[in-house]
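In what follows, a structure is listed as structure tokens, so that the remarks can point back to it.
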Amino acid sequence: MATTKIWAVKNRLGHVLQYAEDTEKTENAEWSRVDYQAMRDVMDYAMNDAKTEKQYYVSGWNCMPDTAREEMQMTKRQFGKEDGILAFHGYQSFKPGEVTPEIAHEIGMKLAQELWPDHQVIVATHLDKAHIHSHFVVNSVSLYGRKFNACKASYRQMREVSDRLCREYGLSVIAQPEKNPRKHIAEWQAERAGEQTWRSIIREDMDYAIRYSMTMEQFYAAMKKKGYIFEQRGSFLRVKALGMQRFVRLQSLGKGYTETAIRQRILRHRYPEIEPRQPRKQTKQYTVQGDFRLSKITWKGLRALYFFYLHKLREARNSPKQSYPFVLKEDLRHLDSLSEQSKFLFRYKLDTGEQVQALQKTLTEQLEKLQSERTELYNERRRVGTPEERKQEIDDRLKALSNTNQQLRRDLKLCSDVLLRSVEIAEKKRLLHEQEKTQKPAEKGKNRNVRRRGYER
């Protein structure tokens, strides 16, 4: 079960990011606390504490947590939309004891990716309360320059997506109650004690009259026989029984007792309910000239290099063996591994060897931290006197750590492969360009000979 809310941030952006990523709120509450220096803004915050025994649940979508504020401000300056609302701050709160920090953070990331795919978002899961909850800091301007429209529809979508994700993870969902008019304290106390009130008596008489009426005229006649008087006052229809001093509006009796609702209830006696036809989804069609896949590419460095080489390899694979250059023959059997390396570069947005080495260092530190945590969990599980419930929690955590360990090792291997392969690909790209230059003059001369022979004939 999760509750959601989102609101606009109009003051300094650093403050809300600092609150969302507060280390004392995101650290595991079961471990000891250490006083951390309050960060002045998000740029000062870096994941240096990953080397300690603390565990943090702070992630970024389309941005890095340690430079989130600067990245958001750069996006605003890029499109000239620095005024107005700075960001949107939301949260997703779970029922106490129903979800683990890992699952809560995973649900929060999926929620952010589905609701704000083109925005920069910080997701921080707090563990300082009995109810685990995630905070979302959403940049008001998307990566394409469009401002986020926070309205009832967007909040309704946030609630619906949150409920669907909770169902997928086997969590409970809050039923949305229907809104009813507020009751007077005396009426509420009487109904709670099982006593009748004059409002409940009116509703019972109206239910009886609706049950045996086929038209509104029959309904008014049946109510008149029971001593009721109806009066139209402005846009409100009011009713009063004999002995009552004041009229009461029909809408104050409840959702099913307005004039429109009474008319619909009477019509159901004559016509069965028909489900409304769902409107057809209109598919927009666009006409694009040229090859969309070969549109202007703005990537640089390693991503552009891999894209170029993979394009050449795929062309060679679909061509006769004698037609493609010799330098491509060797790598055709490595096409799948090169494609995986290219996806890795695009996933982490890596363009230089220095960026790959920096990521390699970060992944190594994460792997060392993970190995240390696994060792501590194994020791705790083998310890005499460990409760069975705690052993089950340790087994679940070890399973999650094993999956993370496999992913980290795959990414580390890809880092090493990219550093080695990129040098070879750059050299082969140079050879391909030289070969194309030598082929062009030969083709021109061949064409001149064909024209000369045609002229002589």
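The values are calculated or read from the model by the stated rules, or taken from the named source; none is laboratory data. Just so we're clear, the structure is a prediction, and the values are computed from it rather than from any experiment. Ideal geometry is used to build each Cβ from the backbone, glycine not excepted, and the neighbour counts take in all protein chains shown.
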- Message: Contact list please: Cβ distance under 8 Å, first residue in region 132-154 and in a loop (DSSP other than H, G, I, E, B), second residue charged (D, E, K, R), pairs at least six apart or on different chains.
- Response: Ser140/Lys76; Ser140/Lys81; Ser140/Lys147; Ser142/Asp118; Leu143/Asp118; Tyr144/Asp118; Gly145/Lys81; Arg146/Asp118
- Would region 113-129 turn up any residue that is surrounded by fewer than 20 Cβ atoms within 10 Å (Cβ to Cβ), farther than 13 Å from His89 by Cα, over 13 Å from the mean Cα position of the chain (by Cα) and free of Cβ contacts under 8 Å to residues at least 24 places away in the same chain? yes
- Query: Looking at region 372-387, is at least one residue over 30 Å from Glu98 (Cβ atoms), in a helix (DSSP H, G or I) and hydrophobic (A, V, I, L, M, F, W, C)?
  - Reply: no
- Query: Of all the helices (runs of 4 or more DSSP H) wholly in region 168-284, which have at least 2 residues that are modelled with pLDDT of 85 or more?
  - Reply: 198-211, 216-225, 259-267
- Note on the structure: For region 90-112 the number of residues that are part of a strand (DSSP E or B) and either crowded, with 20+ Cβ neighbours inside 10 Å or touching a Lys or Arg at 6+ places or on another chain (Cβ under 7 Å) (or both) is 4
- Message: Among the numbered criteria (1) modelled with pLDDT under 80; (2) touching a Pro at 6+ places or on another chain (Cβ under 6 Å), which one does Val58 miss?
- Response: (1)
- Note on the structure: Considering region 219-238, residues that are farther than 12 Å from Asp205 by Cα and touching a strand residue (DSSP E or B) at 6+ places or on another chain (Cβ under 7 Å), and then whichever is surrounded by the fewest Cβ atoms within 10 Å (Cβ to Cβ), we arrive at Glu231
